[in-house]
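Engineer: One structure, as structure tokens, below. Some questions next.
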Amino acid sequence: MRSLASGLARHGYEVEVILRGEVKEITSRLPAEVKITYLKAKSRLLAPFFLGGHLFFTRPDILISGFVYGNGAIILANILALKPARVIITEHGASALRFGYPLKLRTKILTLLLIKIYFLADVIIAVSKEVAESLSIISGLPAQRIKVIYNPLDLEEIRSEARLPAAHPWFGNKDVPVIVTTCRLHPDKDVPTLLRAFAEIRKNRAAKLIIIGEGKDRPELEALTRELNILEDVDMPGFVENAYSYMAKATVFAFASNTEGFGLVLVEAMACGCQVVSTDTPSGPREVLDDGKYGKLVPVKDPAALAKAIMEVLDGDVILERLLYERANDFSMEKAITQYIDLF
């Protein structure tokens, strides 16, 4: 969403980003010409009412949202504001429902209810072909009503920042490979599988693992590193201002997610010239990596397979950086922004 807002602003659109609270990954990198507005709603359930009041007075032409709660909120808010805008919703995670990932009952019911009102949107976008198919099956929407537009990435910004020094001492030792991942510390991202895979790697060779991101699972993950006796070789620095410099210096970018709509970080890693190993979730990574042509795919929740694939890369089974750069170009901001402008 940050890339989309930035790209539209560059093309002369007046862009406002509306958030319920501070999200550093978005706000820290938005250009000055993008307005940021924080709703005062203290809960997701109140958000449509606060947003509706805001829309009633500001009268935007177009609304774009991402993820199921945001999609539901802007559909309802636009109705409350007497429909001042055309509504474009983007769906990222329908595959999680289709393929039966464990979700809290309340979350599952609310998600299904919100998806059922997607037909009220003017345009429905899925971030991958698999997500589009899953959404059509779950919602009953005709497949032709759902457009596929990949997430936009500012490749120039990524590659510029990737060339900067990485502020971590582990990159100073060329003899010890560094494995990097970027994700929320959340059950969906299955960091425990990555930690167990790394523990297997450490039995065979020296290596380091940096986990960039923050989330509610931090205490459990820190406990697991102690239990696996890998505490000295794992660092979880939280939010990093320039994660691209880490990706560019890493030997491998490892991704252990259980469910993924697209797999944005995989494209970011390829844009930095980093080798990729990813779990083969039902949607996203296989499409991004072109059935394994641009990175290794392994089964979800399989630490042994993940460890084996990472060690193969460490042993020299790599893809030419030129090919990784070329693949990343397929997901450029300009391609996605052009498609959005055509919709407008």
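Engineer: Scanning the stretch 165-201 for residues that are closer than 18 Å to Phe239 by Cα and hydroxyl-bearing (Ser, Thr, Tyr), which turns out surrounded by the fewest Cβ atoms within 10 Å (Cβ to Cβ)?
Structural biologist: Checking each candidate, the answer is Thr182.
Engineer: Cβ contacts < 7 Å: first residue in the same structural domain as Val300 (by TED's automatic domain parsing), restricted to the stretch 180-194; second residue assigned to a helix (DSSP H, G or I) and of a type in the set (D, E, K, R), any location; separation 6+ or different chain. Result?
Structural biologist: Final answer for the pair search is Cys183/Lys189; Leu185/Arg218.
Engineer: Here's a follow-up. What number of residues in the stretch 290-305 are surrounded by 24 or more Cβ atoms within 10 Å (Cβ to Cβ) and either touching a residue at least 24 places away in the same chain (Cβ under 8 Å) or not in a strand (DSSP E or B) (or both)?
Structural biologist: Selection size over the stretch 290-305: 1.
Engineer: Being in contact with a helix residue (DSSP H, G or I) (Cβ under 9 Å, 6 or more places away or on another chain) and in contact (Cβ under 8 Å) with a residue 40 or more places away in the chain is the requirement here; does Ser128 meet it?
Structural biologist: Spelling it out, Ser128 is indeed in contact with a helix residue (DSSP H, G or I) (Cβ under 9 Å, 6 or more places away or on another chain) and in contact (Cβ under 8 Å) with a residue 40 or more places away in the chain.
Engineer: Can you name the condition, by its number, that Ser283 falls short on among (1) in the same structural domain as Glu260 (by TED's automatic domain parsing); (2) over 14 Å from Val252 (Cβ atoms); (3) in contact with a Pro (Cβ under 6 Å, 6 or more places away or on another chain)?
Structural biologist: Of everything listed in (1) in the same structural domain as Glu260 (by TED's automatic domain parsing); (2) over 14 Å from Val252 (Cβ atoms); (3) in contact with a Pro (Cβ under 6 Å, 6 or more places away or on another chain), Ser283 misses just condition (3).
Engineer: Ala162 - would you say it is small (Gly, Ala, Ser), at negative phi and crowded, with 20+ Cβ neighbours inside 10 Å?
Structural biologist: yes
Engineer: Something else: Can you tell me which residue in the stretch 230-277 is nearest to Pro219 (Cα to Cα), limited to those that are of a type in the set (Phe, Trp, Tyr) and in contact with a strand residue (DSSP E or B) (Cβ under 8 Å, 6 or more places away or on another chain)?
Structural biologist: Phe239
Engineer: Among the residues of the stretch 236-267, count how many are surrounded by fewer than 24 Cβ atoms within 10 Å (Cβ to Cβ) and of a type in the set (Asp, Glu).
Structural biologist: 1
Engineer: Would you check if there is a residue in the stretch 131-138 being exposed (fewer than 12 other Cβ atoms within 10 Å of the Cβ) and out of contact with any strand residue (DSSP E or B) (no Cβ under 7 Å at 6 or more places or on another chain)?
Structural biologist: no
Engineer: If I filter the stretch 311-344 down to residues being under 23 Å from the mean Cα position of the chain (by Cα) and acidic (Asp, Glu), which single residue comes out as farthest from Asp122 (Cα to Cα)?
Structural biologist: Within the stretch 311-344, the match that is farthest from Asp122 (Cα to Cα) is Glu321.
Engineer: Looking at Gly70, Gly21, Gly66 in this structure, which one is closer than 23 Å to Leu113 by Cβ and without any contact (Cβ under 8 Å) to a residue 24 or more places away in the chain?
Structural biologist: Only one candidate qualifies: Gly70.
The values are calculated or read from the model by the stated rules, or taken from the named source; none is laboratory data. Just so we're clear, the structure is a prediction, and the values are computed from it rather than from any experiment. Methodologically, a virtual Cβ is constructed for each residue, glycine included, from the backbone with ideal geometry; neighbour enumeration extends over all protein chains shown.
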